[in-house]
1. Could you sort 114, 236 by their accessible area in this structure, using a 1.4 Å probe and putting the largest first?
2. Can you list, bin by bin at 5 Å, the percent of alpha carbon pairs in the range 159-279, starting at 0?
3. Could you give the length gained on full extension between residue 66 and residue 52, defined as 0.36 nm per residue of separation minus the Cα-Cα distance, in nm?
4. Using only Cα atoms, locate the centre of the range 165-219 and the centre of the range 73-152, then give the distance between them in Å, rounded to an integer.
5. Cβ under 10 Å from residue 250's Cβ, residue 250 left aside: what net charge do those residues give with Lys, Arg +1 and Asp, Glu -1?
6. Restricted to Cα positions, what overall size does the range 33-175 have along the principal axes? Three whole-Å values, descending.
7. How do 224, 185 rank by accessible surface area computed with a 1.4 Å probe, from largest to smallest?
8. Can you give the Rg/Rh ratio of the range 218-327, where Rg is from the C-alpha atoms and Rh is the Kirkwood radius?
Amino acid sequence: MKIAVIAHLKFPIGQPYLGGLEMHTHHLAGALRARGHRVTLFASEGSDPALVPNPVCPPTGDALGDPVACERIERAELAAYERIMEAIARGGFDIVHNNSLHDLPLRASHTLPVPMTTALHTPPFESLAEGVRAAKPGMIFAAVSPSLAQEWQPLVPDARVIGNGIDLSTFAFSPFADPAAYVFWSGRIVPEKGTHLAIDAAREAGIRLRFAGPKPNPRYWDEWIAPRLGDDVTYVGHLSHRELARQLGGARAAIVSPRWEEPFGLVVAEALACGTPVAAFGRGAIPDIVDRLSGALAPADDVAALARAIQRAVTLERRACRRRAETLYDADVMTDGYEELYREVLAGAPANSTRTALFERPAA
């Protein structure tokens with residue numbers, strides 16, 4: 001198939017990834033190319049040249065609450081997505097995979113001579129919800145977890161559930177943790193990821209913490225993170241995936257501390273693939289991913305409960321964690337799901353989906 005993949009434009013699609021959506025888009029585009037599809041990735045400048053991307057603009061970035069920057073970003077993204085849709089309209093594609101978080105591709109889907117499918121990666125927000133309402137009738141949507149599909153249910157009553165996948169060879173199994181006992185946290189160091197709560201919980205649990213990720217919010221770092229650093233809390237930088245896998249594989253447990261309803265949580269799947277049990281706030285899709293053999297959950301924002309979850313997680317069997325990742329989160333399984341979705345879209349008729357069954361919440 002000749003496939004157009006529309007990325008979001010805030011950050012390049014390449015390593016070191018700024019977040020899970022960049023990683024997901026990179027994996028999907030690369031896997032589709034490896035399977036012989038002709039993929040054109042419309043993305044921001046600086047994306048991985050191995051994907052042969054079509055760079056449409058510089059990365060638009062994050063406004064961080066600045067209204068002037070927000071207005072500038074909105075103008076830049078609107079113009080860029082208009083150019084993308086014009087290029088797709090004349091590009092002779094078989095199908096369009098919309099992986100962006102912008103409403104314009106959805107609104108413009110009426111004008112395309114080719115079918116589009118849209119993957120939902122976040123809970124509903126106003127502009128994206130308006131785009132969904134304005135999309136071409138009959139568009140088939142995918143959601144990355146059952147919990148996210150449920151959040152979209154009032155607008156998208158029959159979203160296909162196709163879970164995110166990871167490269168299990170990169171996130172290889174580590175049967176033994178590092179002798180220097182530590183737990184690990186990774187992600188964007190921003191308030192909604194709750195980095196400061198992970199630090200506090202690791203301290204209360206009495207175990208050293210290493211953490212990694214980009215620092216896009218200097219104020220949060222200066223006011224909430226830097227004062228918490230010490231001999232028992234170490235920032236190890238913004239890591240490549242191979243180095244991230246090494247750090248995860250050596251950890252006794254991975255801490256996941258979202259302060260919002262996490263739509264998937266790729267870091268959870270990455271940890272499990274390494275054999276590292278997870279201690280997390282049970283928000284969003286995380287209870288879909290972690291079962292009682294692979295992790296321990298705590299109520300949202302409860303640091304003391306998260307500390308107790310860490311103490312339980314470090315006792316769990318690492319092979320069980322790897323088995324769960326192999327069963328549910330292999331990038332090849334994810335790509336199979338999207339290829340099936342493309343065939344359904346092109347056929348114009350629904351097909352039975354088996355992916356949701358793999359995500360049923362385990363019994364407590």
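1. Details: 114 10, 236 45 Å².
Listed by decreasing accessible area, they come as 236, 114.
2. All Cα pairs, binned at 5 Å, distribute as 2, 12, 22, 25, 20, 12, 5, 2, 1, 0 percent.
3. So the chain would gain 1.7 nm between residue 66 and residue 52.
4. About 33 Å separates the Cα centre of the range 165-219 from the one of the range 73-152.
5. +2
6. Taking max minus min along each principal axis of the Cα atoms, the range 33-175 gives 50, 38, 38 Å.
7. Sorted by accessible area, descending: 224, 185.
8. My calculation of the ratio gives 0.97.
The values are calculated or read from the model by the stated rules, or taken from the named source; none is laboratory data. Being a predicted model, the structure only gives us computed values, none of them experimental. Please note: Cβ atoms are built from the backbone with ideal geometry, for glycine as well, and neighbour counts cover all protein chains shown. Ligands, DNA and RNA are excluded from the accessible area calculation, which covers all protein heavy atoms including side chains. Shrake-Rupley method; radii C 1.70, N 1.55, O 1.52, S 1.80 Å.
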